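Working notes, structure below.
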Amino acid sequence: MRFYRIEITDPFNRAPPIIYTSWIERPRFPLSVFGQTSDMGALNVLFDIQAMPFSTPRGYSSVEIWGIPLSIISGSSDLNNRNISVYGGFKPGLPLATQASTYLSGPLVQGFIFQAFGNWIGTQMTLNLVVAPGILTPVISPQPTAVQAISAPVAPPTGSLSTPINGSFHMPVGMPVSTAIRNFLSTAMPTFVIESITINPDFTLPYEQGGVFSTLEQFNQWIYSYSQNFVGAGYPGISIRIQQGNRIIVNDSNPPTKTVEISYLDLIGQPTWIEPFKIQIKCPMRSDLQVNDAIVLPRGFYSILPVSLSRQFPERSRSVQQGRYVIRELRHVGNFRQGDAASWVTVVTCEFLPPGVV
């Protein structure tokens, strides 16, 4: 069964959490004999959630909730600058306990609401949320006044033109690029945890380099193109991404974190080439895939057509692209009440890994 859970919380704890979900954890009797169940009356939600490095920005994610009360629409601006977590995937449920229900449903995105607005067209009331990456934390002066304590400013953790980060980058001669980036991130984003920086330690410059950046996106776009131009053709560039829980990962060409086998039943349609050595696949929504994971597309022949037609159209019963790929971008697209399979999916953009790469 399709599953979603949307949690909206106030970083100042001045308002109770707002939760929308399709899953009842402790249903009443007689459903309690099953432990948990899907809520047949759950609200319809639509979302387009993107996960990718800041070196290749695609804009913010979006969430739309249908059937909300008028009180939420009239006060939708109060949801600006609140933290939001969106969980999705599939849960086991009769009679549809199929391959998709074995996937781990979990967090798709954690961030903050950059903009919230309500809409009322005909009989439909919707709440639209624009979700930016990074969890907000209150910014209060050491000795705040009574007014400041009530309405303390909230700064987007990745920065904006109006509220820039303390983005001063300085790299003396001979300093490893990894050290300079760590110093920059520690100063510019102190509420984040630098989980890993995987860059060749011999990557240094014969001259001093520096700059001032207002946002993390601005910095990553610069260091990405600068590193590519400095090293030369074939270098993938330095990318920065944020994982769940405000964890920062920086890498250029580090090995995949884990390998996931993609079953033939996972594929919705055939994988498609979009660039040289880069393909895009579509599968039922799953939260166990992350950027920089490796996936292995299925090999062999699967007879989904009668034998005579399978011989005539063999491409319909096997994956056209096979081998091992590394995930570069993820996009979770959902329309909870839309019945077709393509309305609750994860779109994976990945690059081919040559044989011999760990």
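The values are calculated or read from the model by the stated rules, or taken from the named source; none is laboratory data. Source: prediction; values computed, not measured. FYI the Cβ positions are ideal-geometry reconstructions off the backbone, even for glycines, and counts take in every protein chain you see. Just so you know, the surface numbers come from the protein's heavy atoms only, side chains and all, with ligands and any DNA or RNA stripped out. Shrake-Rupley method; radii C 1.70, N 1.55, O 1.52, S 1.80 Å.
Some notes on this structure:
- Accessible surface area normalised per residue over the range 212-305 is 45 Å², counting heavy atoms of protein chains with a 1.4 Å rolling probe.
- Under the Karplus curve 6.51 cos²θ - 1.76 cosθ + 1.60, θ = phi - 60°, whole-Hz ³J(HN,Hα) for the range 283-292, x wherever Gly or Pro sits: 9, x, 4, 8, 9, 7, 8, 9, 4, 5
- Mean Cβ count within 10 Å, highest first, over the residues of peptides 189-195, 67-73, 19-25: 19-25, 189-195, 67-73
- With the simple model of a label 7 Å out from the Cα in the direction of the Cβ, Glu25 to Arg58 spans 3.1 nm.
- Most to least packed among 164-170, 226-232 [average Cβ atoms within 10 Å]: 164-170, 226-232
- Taking 0.36 nm per residue of sequence separation and removing the Cα-Cα distance, the Arg14/Ile268 pair yields an extension gain of 87.0 nm.
- Rounded, prolate or oblate (a/c below 1.5 giving rounded, otherwise prolate when a/b exceeds b/c) for the range 221-276 by Cα gyration tensor: oblate
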